[in-house]
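The next block holds one structure in the form of structure tokens; read it before the comments.
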Amino acid sequence: MKKTVMIASVAAMLVSVSLPVAAHAGAESRCKSCHSFTDKNKNGPGLKGVFGRTAGTHAGYKYKFTKYIKGEPWVWDEEHLRAWMLDSRKAVKKFTGNPKAKTKMGPQHVKGAKADEIIAFLKGLK
């Protein structure tokens with residue numbers, strides 16, 4: 001009986017530990033080639049603190065789209081991130097209000113559960 005309880009406890013602990021790792025692995029596989037999960041920039045800006053950040057404001061990164069923004073830049077929330085991950089080239093035109101706006105990031109076509117997973121991961125990068 002004690003052995004069964006111990007095995008069940010260890011199994012429950014492993015499941016609870018592996019869930020964040022699975023979410024991290026999904027986001028990492030999609031984003032890591034161009035982004036870091038820290039403040040450091042790669043081909044794209046570092047993603048630490050991106051959720052809630054004003055677009056085009058990550059220190060030390062030169063954005064292509066900021067010159068096209070009419071008015072105030074948007075804030076990276078769920079709605080903007082979803083549209084951006086689905087098709088960044090369409091999204092930048094909509095968000096800036098300029099049909100000529102461009103971004104360095106190509107369309108990723110991420111939607112549904114995968115987008116939910118990545119957004120949850122990005123929210124946790126504080």
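The values are calculated or read from the model by the stated rules, or taken from the named source; none is laboratory data. Just so it is clear, the model here is predicted, and its values are computed rather than measured. Methodologically, a virtual Cβ is constructed for each residue, glycine included, from the backbone with ideal geometry; neighbour enumeration extends over all protein chains shown.
I need the full set of residues from the stretch 82-123 which are touching a residue at least 60 places away in the same chain (Cβ under 8 Å) and under 12 Å from the mean Cα position of the chain (by Cα), in order please.
Within the stretch 82-123, 108, 110, 114, 117, 118, 119, 120, 121, 122, 123 qualify.
Hey, residue 66 hits all of (1) at positive phi; (2) surrounded by fewer than 16 Cβ atoms within 10 Å (Cβ to Cβ); (3) in contact with a Pro (Cβ under 9 Å, 6 or more places away or on another chain) but one; which does it fall short on?
With (1) at positive phi; (2) surrounded by fewer than 16 Cβ atoms within 10 Å (Cβ to Cβ); (3) in contact with a Pro (Cβ under 9 Å, 6 or more places away or on another chain) applied to residue 66, the lone miss is (1).
Evaluate the following for residue 79: is it surrounded by fewer than 14 Cβ atoms within 10 Å (Cβ to Cβ), within 24 Å of residue 124 (Cα to Cα) and of a type in the set (D, E, K, R)?
yes
If only one of 90, 126 is of a type in the set (D, E, K, R), out of contact with any strand residue (DSSP E or B) (no Cβ under 8 Å at 6 or more places or on another chain) and in a helix (DSSP H, G or I), which one is it?
90
Look through 103, 66, 57 and report the one residue that is among the polar types (S, T, N, Q) and outside any loop (DSSP other than H, G, I, E, B).
Only one candidate passes the filter, namely 66.
Could you run through the stretch 37-57 and say how many residues are touching a helix residue (DSSP H, G or I) at 6+ places or on another chain (Cβ under 9 Å), in contact (Cβ under 8 Å) with a residue 24 or more places away in the chain and surrounded by fewer than 14 Cβ atoms within 10 Å (Cβ to Cβ)?
Looking only at that region, the number is 1.
Given the condition among the acidic types (Asp, Glu) and at pLDDT 90 or above, answer yes or no: does some residue in the stretch 38-51 qualify? Steps first, please.
Our first condition is that a residue be among the acidic types (Asp, Glu); within the stretch 38-51, this holds for 39.
Filter again for at pLDDT 90 or above, leaving 39.
Scanning the stretch 38-51 turns up at least one residue that is among the acidic types (Asp, Glu) and at pLDDT 90 or above.
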